[in-house]
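Contents: one structure, followed by commentary.
Bear in mind these aren't lab numbers, they're just calculated from the coordinates by the rules spelled out. Model, not experiment: these values are computed from the prediction. A quick note on method: Cβ atoms are made from the backbone with ideal geometry, for glycine too, and the neighbour counts reach across all protein chains shown.
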Amino acid sequence: MMQHQDMMSLNIHNMTNGSESTNCSRDNVLKTVVFPVLYSILFILGVFLNTAAAWIFLKIPSTTHFVLYLKNVVVADLLMTFTFIFKAMADSNAALVLLRVFVCRVSSVLFYLSMYISILFFGLISIDRCRKTLWPFVRSTPAGLARRKVLSAFIWAVLLSLSLPNIILTSRRPASPDFKCSDLKSKRGLQWHEAVNHVCQIIFWANLATVVVCYSLISRELYTSYSRTRASSSTGSVQPKKRKVKVNIFLVMGVFFVCFVPFHFARVPYTMSQTRSNFNCRLKLFLFQLKESTLWICSLNAILDPLIYFFLCRSFRKSLCRTFCLNTGLYQPNLNTASTDNR
Ligand SMILES: Nc1ncnc2c1ncn2[C@@H]1O[C@H](COP(=O)(O)OP(=O)(O)O)[C@@H](O)[C@H]1O
């Protein structure tokens with residue numbers, strides 16, 4: 001009788017553990033099929049759009065702060081795009097353990113690095129757009145440009161030094177085939193991972209505040225000048241162009257909100273679930289899936305940024321048309337431009 005009861009409880013224990021580990025496994029269709037397909041699509045689009053953008057930017061001299069910042073964003077986007085294919089392969093069922101370790105150690109870290117570089121440059125771009133709207137006659141000087149180049153190098157250096165320990169301290173060997181990135185980290189590695197995520201949250205929310213303040217000032221200025229123009233102009237011929245400028249200029253804010261806000265809400269509880277033990281496995285899985293879904297939305301940034309270059313950067317659009325339209329005979333030197341990067 002006793003033996004029978006022991007057998008029963010052992011079976012129940014096994015069944016419970018078994019079903020729990022099956023239900024909580026990350027390897028479901030979302031991770032192994034849906035996201036790899038979505039990242040592969042982003043990879044193909046991203047390689048095409050960003051190499052074209054980089055090629056065009058190579059022909060444009062960095063004579064304004066805006067062009068300089070956009071060049072930094074292109075480099076970050078290219079870097080991010082190349083991480084997509086590793087993520088797609090690692091998440092699919094066919095991935096080798098070595099590849100998954102590489103993604104945890106190197107490729108994901110580079111992904112986050114490029115994301116926060118983009119976020120910081122988005123903040124700087126907003127300040128620059130604001131400066132240009134409020135003081136349209138202030139031009140970039142060579143000394144100002146040199147300072148912005150030093151600032152750009154400083155941003156890359158700081159974020160690289162924040163990210164590097166995430167590579168170095170992800171040094172453990174995987175104990176089982178279904179390991180997580182956090183399983184590869186030493187205790188110090190986990191602490192650094194958590195600290196970096198806090199710093200990155202501050203970077204994000206500070207830049208979001210900058211973007212919101214700058215675009216509020218831009219809206220106010222555009223509204224005032226639009227009202228002034230409407231009152232003084234009897235013909236109204238400039239109005240459609242002004243409206244176009246307004247829509248274009250808000251692209252930066254739109255892309256920032258759509259791409260980055262959802263992830264930063266999801267990231268806080270997910271990081272806690274990685275570093276603390278008081279989360280049950282179902283909640284952990286839910287937070288992981290939420291983080292993965294919002295991370296994919298962040299990745300969209302790499303293919304939405306070329307829209308910003310096209311609609312907001314006149315020298316980019318001119319160079320693009322010179323390159324592509326010349327061959328097809330479509331290039332007109334006086335191309336209609338409503339962009340704002342000419343200072
Ligand atoms: N903001 C960040 N900056 C740099 N590296 C990061 C950042 N967030 C996470 N990482 C690193 O990227 C890798 C993957 O992290 P994460 O996405 O949290 O793990 P998982 O893929 O298991 O969900 C880890 O090595 C982690 O330390």
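At what distance in angstrom do the alpha carbon centres of region 79-133 and region 143-219 lie from each other?
Each part's Cα centre sits 11 Å from the other's.
Determine, from the Cβ-Cβ distance of SER227 and SER277 and an R0 of 41 Å, the FRET efficiency 1/(1 + (r/R0)^6), rounded to the nearest 0.05. Don't jump to the answer; show the numbers that get you there.
Details: r = 59 Å, r/R0 = 1.44.
According to the calculation, E is roughly 0.10.
Provide VAL75, VAL106 in ascending order of the number of other Cβ atoms located within 10 Å of each residue's Cβ, fewest first.
Numbers: VAL75 18, VAL106 15.
Going from least to most buried by this count: VAL106, VAL75.
Taking the simple approach of a point 7 Å from Cα along Cα-to-Cβ for both CYS325 and PHE102, what is their distance in nm?
In this crude label model, CYS325 to PHE102 measures out at 4.3 nm.
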